[in-house]
1. For segment 28-80, enumerate the residues that are under 16 Å from residue 106 (Cβ atoms) and either of a type in the set (A, V, I, L, M) or in a loop (DSSP other than H, G, I, E, B) (or both).
2. Whether any residue in segment 55-63 is of a type in the set (Asp, Glu), more than 23 Å from residue 12 (Cα to Cα), over 13 Å from the mean Cα position of the chain (by Cα) and surrounded by 15 or more Cβ atoms within 10 Å (Cβ to Cβ) is what I want to check.
3. Any residue at all in segment 90-102 that's in a loop (DSSP other than H, G, I, E, B) and over 15 Å from the mean Cα position of the chain (by Cα)?
4. Would segment 99-113 turn up any residue that is free of Cβ contacts under 8 Å to residues at least 60 places away in the same chain, of a type in the set (A, V, I, L, M, F, W, C) and surrounded by 14 or more Cβ atoms within 10 Å (Cβ to Cβ)?
5. Of the residues that make up segment 24-32, is at least one aromatic (Phe, Trp, Tyr), on the phi < 0 side of the Ramachandran plot and crowded, with 20+ Cβ neighbours inside 10 Å?
6. Can you pull out the residues in segment 103-125 that are at pLDDT 95 or above and small (Gly, Ala, Ser)?
7. Can you name the condition, by its number, that residue 17 falls short on among (1) loosely packed, with under 12 Cβ neighbours inside 10 Å; (2) touching a Ser or Thr at 6+ places or on another chain (Cβ under 8 Å)?
8. Among residues belonging to segment 64-98 that are farther than 20 Å from residue 119 by Cβ and polar (S, T, N, Q), point out the one that is surrounded by the fewest Cβ atoms within 10 Å (Cβ to Cβ).
Amino acid sequence: MPKVKPKIEKNREKRINDEIIVDAYGEGEQAMAWYNYLEENLHFPFAARCIAVRAVSPLEAGDKVDVTGMAPENECESDMFVMIRWGKRGLAVPLSQLKEVKMDKETKQALGDWHYWVKMGHEFW
């Protein structure tokens, strides 16, 4: 059964197109535009909860984590990854796997923008 796209949010669409990916021509530029936007607008650290199991991540649905920063740029060429407290070094997990638990308004909006963009079926590859 095909997935149904969420309802279009005009204000969010305008912000994404006019402020985030406005000068991004191609997938690589879009990835870096998103990276820069998220790095500037996500205020670290913040608490989040895992909302989806992903093959690239050890997190289980419901796990609570502390997000400490963006993963290195080279890890975000095909998806946006953030660092969480995990062992001695931390771990990069997909941002789309996480939902806010406690964060400020700007962080919540940036996370919502990313979730919306992903749900609308956009990808970098």
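1. Of all residues in segment 28-80, those under 16 Å from residue 106 (Cβ atoms) come to 34, 36-48, 67, 69-70.
Within segment 28-80, 38, 42, 43, 44, 45, 47, 48, 67, 70 meet the criteria.
2. Restricting attention to segment 55-63, the residues satisfying the condition of being of a type in the set (Asp, Glu) are 60, 63.
Subset that is more than 23 Å from residue 12 (Cα to Cα): 60, 63.
Within this subset, residues satisfying the condition of being over 13 Å from the mean Cα position of the chain (by Cα) are 60, 63.
Subsequent filtering for residues that are surrounded by 15 or more Cβ atoms within 10 Å (Cβ to Cβ) retains 63.
Yes - at least one qualifying residue is present in segment 55-63.
3. Yes, there is a match, as at least one residue in segment 90-102 is in a loop (DSSP other than H, G, I, E, B) and over 15 Å from the mean Cα position of the chain (by Cα).
4. Step one: list which residues in segment 99-113 are free of Cβ contacts under 8 Å to residues at least 60 places away in the same chain, which gives 99-102, 105, 108.
Add one more test, that the residue is of a type in the set (A, V, I, L, M, F, W, C), and what stays is 101.
If we keep only those that are surrounded by 14 or more Cβ atoms within 10 Å (Cβ to Cβ) too, we end up with none.
Checked segment 99-113: no residue is free of Cβ contacts under 8 Å to residues at least 60 places away in the same chain, of a type in the set (A, V, I, L, M, F, W, C) and surrounded by 14 or more Cβ atoms within 10 Å (Cβ to Cβ).
5. As a first pass, look at segment 24-32 and keep what is aromatic (Phe, Trp, Tyr): 25.
Pick out the ones that are also on the phi < 0 side of the Ramachandran plot and you get 25.
Of the ones still in play, those that are also crowded, with 20+ Cβ neighbours inside 10 Å are none.
Looking for residues that are aromatic (Phe, Trp, Tyr), on the phi < 0 side of the Ramachandran plot and crowded, with 20+ Cβ neighbours inside 10 Å, one finds none in segment 24-32, hence no.
6. Passing the criteria: 110, 112.
7. (2)
8. 74
The values are calculated or read from the model by the stated rules, or taken from the named source; none is laboratory data. Predicted model, so just to flag it, every value in this text is computed and none were measured. A quick note on method: Cβ atoms are made from the backbone with ideal geometry, for glycine too, and the neighbour counts reach across all protein chains shown.
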